[in-house]
Amino acid sequence: MTGIMGYLRQDGRKGIRNTVVVAYLVECANFVATKIVAGFPDDDVQLIGFPGCFPNEYAQAMMEKICTHPNVGAALFISLGCESFDKVRATKAVADSGRPVKTMVIQKSGGTRSTVDMGRDWVRGALAEVAGTKRVPMAVSELIIGTICGGSDGTSGISGNPAAGKAFDLLVAEGAACIFEETGELIGCEEIMAERAATPELADELRASVAKAARYYDTLGYGSFAAGNATGGLSTIEEKSLGAYVKSGDSKISGLIKPGDVPPSGGLYLMDVVPDGEVRFGFPNISDNAEIVEMIASGAHLTLFVTGRGSVVGSAISPVIKICANPDTYRNLSDDMDVNAGAIIEGTASLMEVGQEIHDLVIAVAAGQQTKSEALGHREFILTYKTFDPIGPACLPRSAA
Amino acid sequence: MTTPFLLLSDEDNVLVAMRHVKAGSSIDIEGITVSLALDIPLAHKIARRDIAEGETVRKYGMPIGVATAAIAQGEHVHVHNIRSAYTPTYALQDADGRDSAVNAKVGAA
């Protein structure tokens with residue numbers, strides 16, 4: 001028994017949290033949505049949103065996937081009224097999932113003050129309604145777990161990332177679906193990664209996804225590499241990549257997904273986050289939280305975040321477990337860190353011990369324990385413009401069989 | 001002599017500092033004693049042996065870039081003397097104009 005009691009949704013999926021989301025559908029509605037959420041400091045009411053006024057199928061689909069994520073119980077959309085986001089389609093998607101949903105249009109609701117009042121009234125009702133959500137036992141094999149690294153340094157690839165990889169191995173062996181990502185940070189690892197693919201055709205898809213990322217970043221002129229990575233001892237994107245790659249552990253790679261694709265079964269999946277087609281809309285993911293949001297759209301119940309320099313972020317919707325690779329950073333930022341993988345650097349813990357600690361914390365957080373960033377109130381969220389083609393038939397070989 | 005530098009793979013020509021090591025420290029690299037010219041911060045790299053200009057730099061047994069200058073055994077290996085085979089590395093300058101990534105220079109001042 002894991003002790004996890006999931007929130008049962010109408011589609012059969014189970015959540016580990018029971019959040020009411022308030023989503024602005026254009027930056028012009030952000031203030032009103034923020035004010036509505038501010039009325040509920042002690043409840044699980046979270047702000048998400050999309051800032052753009054131009055239409056984008058990716059952002060539309062991501063918003064719909066996130067508002068029907070198993071950790072979400074109800075959704076309130078705040079529209080200015082004239083933006084291009086398709087609020088009718090989004091509202092229908094949430095209603096069809098059986099969740100309470102409401103859309104408020106500021107231009108039709110008397111402006112800021114009255115929309116805030118109406119929004120808070122609706123959220124109060126939604127909180128009461130979702131409080132009655134049925135709780136059912138949830139197995140580890142029903143969990144989807146993502147992993148990213150951010151603020152990486154030279155310790156990340158030696159302690160934090162391999163420890164996260166050990167945790168992934170344990171979780172995959174128990175039947176969970178685990179997602180690793182950022183093909184731009186797998187540049188240089190494409191061949192060793194392709195050797196782990198479930199089929200030769202999937203191996204080709206994995207190689208192609210990294211080649212696409214290399215081309216995309218080359219056009220932009222910058223790799224997925226921040227100035228602080230270099231200060232922390234990383235010299236090149238391929239060095240950073242090799243450190244990042246080990247987060248994936250040693251399991252066979254079961255499939256390649258794109259943001260919003262939910263893994264069809266347990267196993268290890270690579271998420272291809274680099275847009276398809278010509279380079280447009282700028283960098284694939286402008287910062288770490290954009291990557292976390294994409295894994296949440298693919299159903300991630302929680303995220304393992306490995307940092308060396310010291311990121312303090314959490315996320316809306318799904319809790320973030322922060323694993324600190326650097327022992328000096330851990331001492332400096334211990335209030336923000338859930339796991340001290342720096343102990344591996346200092347020789348006071350083994351890779352396997354820290355991997356087991358991460359695994360056990362995943363189960364505890366799924367059972368309701370708050371992570372450090374969650375308790376501090378971190379609820380970061382970023383959604384921007386992208387373009388994707390659907391995945392090819394070779395990307396999910398087992399489900400196709 | 002115990003070394004604070006870690007060899008990740010037998011094929012590597014770099015070693016990784018497992019703690020901040022001060023300039024002037026004598027360290028043992030596979031039986032040869034080398035005095036460090038500069039501070040080497042935690043997780044930064046030094047050359048395990050002499051590396052020629054144009055030679056592939058290996059860590060984890062894998063290529064991480066190409067040497068842009070001859071690098072002597074024990075010397076700091078970083079953005080000032082290796083480059084990516086893919087995209088250039090972006091690093092910031094400190095307020096005093098020094099490359100913040102090569103903060104080992106601070107110890108030499």
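Expressed as cubic angstrom per residue, what is the convex hull volume of the alpha carbon set of the range A:140-400?
107 Å³
What value in Å³ per residue do you get for the convex hull of the alpha-carbon atoms in the range A:1-160?
So the per-residue hull volume is 152 Å³.
Take peptide A:215-222, look around each residue's Cβ out to 10 angstrom, count Cβ atoms belonging to other protein chains, and average those counts.
Taking all residues of A:215-222 together, the mean is 2.
What range in chain A is the longest one free of GluC sites (Glu not before Pro) that are in a loop by DSSP and have at most 11 other Cβ atoms within 10 angstrom?
Looking at chain A, A:1-194 is the longest stretch - no exposed GluC sites (Glu not before Pro) with at most 11 other Cβ atoms within 10 Å.
Could you give the accessible area per residue of the protein assembly as shown, probe 1.4 Å, as a whole number in Å²?
Using a 1.4 Å probe on heavy atoms only, each residue of the protein assembly as shown averages 38 Å².
How big is the A/B interface in buried accessible area, both sides summed, 1.4 Å probe, to the nearest 100 Å²?
Buried area (both sides, nearest 100 Å²): 2400 Å².
Relative contact order for chain A: what is it in percent, counting Cα pairs under 8 Å that are at least 6 residues apart?
It comes to 21 percent, rounded to a whole number.
Checking buried surface per residue: for the range A:228-248, which residues lose a minimum of 20 Å² accessible area in the protein assembly relative to the chain alone (1.4 Å probe)?
A:A230, A:T231, A:G233, A:S235, A:T236, A:I237, A:E238, A:E239, A:L242
For A:K258, give me every one of the lysines with a C-alpha distance below 20 angstrom, ignoring sequence neighbours fewer than eight places off in its own chain.
Counting by Cα, and skipping residues close in sequence, A:K258 has these lysines nearby: A:K65, A:K212, A:K247, A:K386.
Taking the Cα centre of the protein assembly as shown as origin, sum charge times position over the Cβ atoms of Lys and Arg (+1) and Asp and Glu (-1), and report the length of that vector in debye to the nearest 20.
Once rounded to the nearest 20, the dipole reads 1460 debye.
Give the carbon-plus-sulfur fraction of the accessible surface of the range A:140-400 in %, rounded to a whole number; probe 1.4 Å, heavy atoms of protein chains only.
Percent of accessible area from carbon and sulfur atoms in the range A:140-400: 51.
Give me the Debye-computed log₁₀ of I(q)/I(0) at q = 0.09, 0.11 Å⁻¹ for the protein assembly as shown, equal point scatterers on Cα only, no solvent, two decimals.
Listed by q, the Debye log ratios stand at -0.64, -0.92.
Using the Cβ atoms and a cut-off under 9 Å, what net charge is assigned to the surroundings of A:V273, where Lys and Arg are +1 and Asp and Glu are -1?
-3
Can you list the lysines whose alpha carbon is less than 16 Å from that of A:K108, not counting same-chain residues fewer than 8 positions off?
Straight-line reach from A:K108, under 16 Å: A:K87.
Which whole-angstrom value gives the distance between the alpha carbon centres of the range B:1-52 and the range A:94-108?
That distance is 60 Å.
Using only Cα atoms and rounding to the nearest 10 degrees, what angle (0 to 90) does helix A:351-366 make with the longest principal axis of chain A?
It is inclined by approximately 10 degrees.
Residues of the range B:40-84 that become at least 50 Å² less accessible with every protein chain present than in their own chain isolated, using 1.4 Å: which are they?
B:L42, B:A43, B:Y60, B:M62, B:I64
What are the residues of the range A:113-159 that lose 50 Å² or more of accessible area, with a 1.4 Å probe, going from their chain alone to all protein chains?
When all protein chains are present, A:I158 each give up 50 Å² or more of accessible surface.
Compute the signed sum of charges (Lys and Arg +1, Asp and Glu -1) over the other residues within less than 15 Å, Cβ to Cβ, of A:V339.
-3
Hey, if you put +1 on the Cβ of every Lys and Arg and -1 on every Asp and Glu Cβ in the range A:102-215, which of A:M118, A:S152, A:I179 ends up farthest toward the positive end of that dipole?
Selected residue: A:M118.
Under a no-solvent Debye model with one identical scatterer per Cα of the range A:282-347, what's log10 I(q)/I(0) at q = 0.25 Å⁻¹?
-1.00
Counting each DSSP H run of 4 or more residues in chain A as -39500 (n - 2.57), what helix-only mean residue ellipticity at 222 nm follows after dividing by all residues, to the nearest 500 deg cm²/dmol?
-11000 deg cm²/dmol
Are there trypsin sites (Lys or Arg not before Pro) in the range A:79-157 that DSSP marks as loop and that have at most 16 other Cβ atoms within 10 Å, and which are they?
A:K134
Taking loop as defined by DSSP and a crowding limit of 13 other beta carbons within 10 Å, which trypsin sites (Lys or Arg not before Pro) in the range B:1-81 fit?
Answer by residue number: B:K22.
Hey, what angle do you get for helix A:57-67 against the long axis of chain A, alpha-carbon based, 0 to 90 degrees rounded to 10?
80 degrees
Hey, got a sec? Which GluC sites (Glu not before Pro) in the range B:1-59 land in a DSSP loop and have at most 13 other Cβ atoms within 10 Å?
Hits after loop and neighbour filter: B:E11, B:E30, B:E53.
The values are calculated or read from the model by the stated rules, or taken from the named source; none is laboratory data. In this text, all values refer to a predicted model and were calculated from it rather than measured experimentally. FYI the Cβ positions are ideal-geometry reconstructions off the backbone, even for glycines, and counts take in every protein chain you see. What goes into the accessible areas is simple: the full protein's heavy atoms, side chains included, and nothing from ligands, DNA or RNA. Shrake-Rupley method; radii C 1.70, N 1.55, O 1.52, S 1.80 Å.
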